[in-house]
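S.K.: Let me give you the structure first, and then I'll get to my questions.
The values are calculated or read from the model by the stated rules, or taken from the named source; none is laboratory data. Just so it is clear, the structure is predicted and the values come from calculations on it, not from any experiment. Cβ placement follows ideal geometry from the backbone for every residue including glycine, while neighbour counts extend to all protein chains displayed.
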Amino acid sequence: MTNPASSHADLRARDFKHRAQGLFHRWSENYDRSLLNFFVFRPAYMALLEEIAAWRAGRAARDPFHLLDVGCGTGSFAAMVRSSPWPADVTAMDFVPSMCRLAREKLEGTPAAERVHIVNGDSEHLPFPAGSFDVLTCSNSFHHYPHQDEVVREMRRVLRPGGKLILIDGFRDNAIGWFVFDVIVQRVERNVHHAPWSLVRRLFLQAGFTDIRHRKINLLAPLLVTTGIAP
Ligand SMILES: C[S@@+](CC[C@H](N)C(=O)[O-])C[C@H]1O[C@@H](n2cnc3c(N)ncnc32)[C@H](O)[C@@H]1O
């Protein structure tokens with residue numbers, strides 16, 4: 001017999017994903033022109049780059065590494081990493097085919113095209129073997145995931161020991177963040193969940209991450225940067 005509570009949760013999860021797909025399919029063509037790039041997305045890319053640089057400090061400059069960007073959107077961050085002097089192989093993954101297509105268009109024919117792989121997939125079931133990556137980034141996408149605990153476990157699975165997870169999403173634990181993310185974004189996007197920092201910390205701990213750190217960036221659209229190291 002079907003458990004009504006679990007079938008309700010399944011329906012809600014399906015609705016979460018369905019909405020995210022519709023939203024980003026409609027938004028994809030104009031995504032790179034959105035003002036949010038200046039206020040939210042670019043500050044997040046800068047924080048990701050800083051965190052990668054901190055992780056690489058003390059390693060040989062030529063030490064290659066493999067980075068996975070989950071919920072990559074139109075591939076802007078993947079392009080930034082490939083244009084950097086870092087010897088990185090980059091895999092960028094998104095749930096929405098039109099976002100993946102735009103990411104391919106952005107990267108094809110540029111020096112960044114070599115060693116960048118664009119994959120269509122769902123963060124809950126990362127289509128990669130265990131221990132495939134050294135760094136995993138995810139910015140402004142986590143609030144669309146109905147099963148955030150499963151996603152963090154998946155992220156841990158695909159990282160090699162010593163690999164770093166860098167997760168950035170709306171910080172809703174102060175008054176400004178609450179108003180921006182829990183009131184405005186919630187009303188516009190519906191079916192999204194900006195996890196409080198304490199929950200993000202718990203999910204990292206439960207997945208087995210060590211050296212977990214948090215910091216807040218951005219004033220008017222505050223973002224929470226959480227990092228952890230795979231044991
Ligand atoms: C606000 S955009 C952020 C994109 C990119 N990380 C950036 O900062 O520009 C959120 C992205 O998450 C993707 N997304 C939503 N749910 C997803 C899922 N379950 N698995 C993978 N990607 C997902 C969306 O398709 C969208 O491209």
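S.K.: Is it the case that Ala60 is modelled with pLDDT under 95, within 13 Å of the ligand (Cβ to nearest atom) and aliphatic (A, V, I, L, M)? Walk me through it before giving the result.
M.R.: Working: modelled with pLDDT under 95: yes; within 13 Å of the ligand (Cβ to nearest atom): no; aliphatic (A, V, I, L, M): yes.
So Ala60 does not fit the description; no.
S.K.: Using the structure shown, decide if Arg42 is in a helix (DSSP H, G or I), modelled with pLDDT of 90 or more, farther than 25 Å from Val152 by Cα and within 16 Å of the ligand (Cβ to nearest atom).
M.R.: Values: in a helix (DSSP H, G or I): yes; modelled with pLDDT of 90 or more: yes; farther than 25 Å from Val152 by Cα: no; within 16 Å of the ligand (Cβ to nearest atom): yes.
Spelling it out, it is not the case that Arg42 is in a helix (DSSP H, G or I), modelled with pLDDT of 90 or more, farther than 25 Å from Val152 by Cα and within 16 Å of the ligand (Cβ to nearest atom).
S.K.: All but one of (1) away from the ligand (no atom under 11 Å from the Cβ); (2) in a helix (DSSP H, G or I); (3) loosely packed, with under 13 Cβ neighbours inside 10 Å hold for Leu49; which doesn't?
M.R.: (3)
S.K.: Take Ser34 and tell me if it is farther than 21 Å from Leu126 by Cα, touching a helix residue (DSSP H, G or I) at 6+ places or on another chain (Cβ under 9 Å) and in contact (Cβ under 8 Å) with a residue 12 or more places away in the chain.
M.R.: Values: farther than 21 Å from Leu126 by Cα: yes; touching a helix residue (DSSP H, G or I) at 6+ places or on another chain (Cβ under 9 Å): yes; in contact (Cβ under 8 Å) with a residue 12 or more places away in the chain: no.
For Ser34, the condition - farther than 21 Å from Leu126 by Cα, touching a helix residue (DSSP H, G or I) at 6+ places or on another chain (Cβ under 9 Å) and in contact (Cβ under 8 Å) with a residue 12 or more places away in the chain - is not met.
S.K.: Identify, please: which residue in the range 121-138 is under 19 Å from Val81 (Cα atoms) and of a type in the set (S, T, N, Q) and is, among those, nearest to the ligand (Cβ to nearest atom)?
M.R.: Keep residues of the range 121-138 that are under 19 Å from Val81 (Cα atoms), which gives 132-138.
Next cut, of a type in the set (S, T, N, Q) only: 132, 137.
Values: Ser132: 16, Thr137: 8 Å.
Here the residue is Thr137.
S.K.: Looking at Thr74 and the list (1) assigned to a loop (DSSP other than H, G, I, E, B); (2) in contact with a helix residue (DSSP H, G or I) (Cβ under 9 Å, 6 or more places away or on another chain); (3) surrounded by fewer than 20 Cβ atoms within 10 Å (Cβ to Cβ); (4) of a type outside the set (Gly, Ala, Ser), which single condition is not satisfied?
M.R.: Tallying (1) assigned to a loop (DSSP other than H, G, I, E, B); (2) in contact with a helix residue (DSSP H, G or I) (Cβ under 9 Å, 6 or more places away or on another chain); (3) surrounded by fewer than 20 Cβ atoms within 10 Å (Cβ to Cβ); (4) of a type outside the set (Gly, Ala, Ser), Thr74 fails exactly one: (3).
S.K.: Just wondering, is there one or more residues in the range 174-191 that are crowded, with 16+ Cβ neighbours inside 10 Å, among the aliphatic types (A, V, I, L, M) and farther than 19 Å from Ala20 by Cβ?
M.R.: no
S.K.: In the range 139-153, what residues are surrounded by fewer than 21 Cβ atoms within 10 Å (Cβ to Cβ), within 13 Å of the ligand (Cβ to nearest atom) and over 14 Å from Thr226 (Cβ atoms)?
M.R.: Result: Pro146, His147, Glu150.
S.K.: Among the residues of the range 15-35, what is the count of those that are modelled with pLDDT of 85 or more and either exposed (fewer than 13 other Cβ atoms within 10 Å of the Cβ) or among the hydrophobic types (A, V, I, L, M, F, W, C) (or both)?
M.R.: Restricting attention to the range 15-35, the residues satisfying the condition of being modelled with pLDDT of 85 or more are 17-35.
Filter again for either exposed (fewer than 13 other Cβ atoms within 10 Å of the Cβ) or among the hydrophobic types (A, V, I, L, M, F, W, C) (or both), leaving 18, 20, 22-24, 26-27, 29-30, 33-35.
Total satisfying the criteria: 12.
S.K.: Something else now. Condition check: crowded, with 21+ Cβ neighbours inside 10 Å, more than 17 Å from the chain's Cα centre (by Cα) and at pLDDT below 95. Does Leu107 satisfy that?
M.R.: So Leu107 fits the description; yes.
S.K.: Continuing with this model, one more query. Please identify the pairs in which a residue from the range 75-87 that is within 11 Å of the ligand (Cβ to nearest atom) has its Cβ atom under 8 Å from the Cβ atom of a residue that is polar (S, T, N, Q) and in a helix (DSSP H, G or I), counting only partners at least 6 apart or on another chain.
M.R.: Listed pairs, sorted by first residue: Ser76/Asn37.
S.K.: Next question, about the same structure. With the checklist (1) within 15 Å of the ligand (Cβ to nearest atom); (2) in a loop (DSSP other than H, G, I, E, B) in hand, flag the one item Met93 doesn't pass.
M.R.: Going through the list (1) within 15 Å of the ligand (Cβ to nearest atom); (2) in a loop (DSSP other than H, G, I, E, B), Met93 breaks only (2).
S.K.: Looking at the range 79-102 only, could you name the residues that are in contact with a helix residue (DSSP H, G or I) (Cβ under 7 Å, 6 or more places away or on another chain) and of a type in the set (Gly, Ala, Ser)?
M.R.: Answer for the range 79-102, where residues must be in contact with a helix residue (DSSP H, G or I) (Cβ under 7 Å, 6 or more places away or on another chain) and of a type in the set (Gly, Ala, Ser): Ala79, Ser83, Ala88, Ala92, Ser98.
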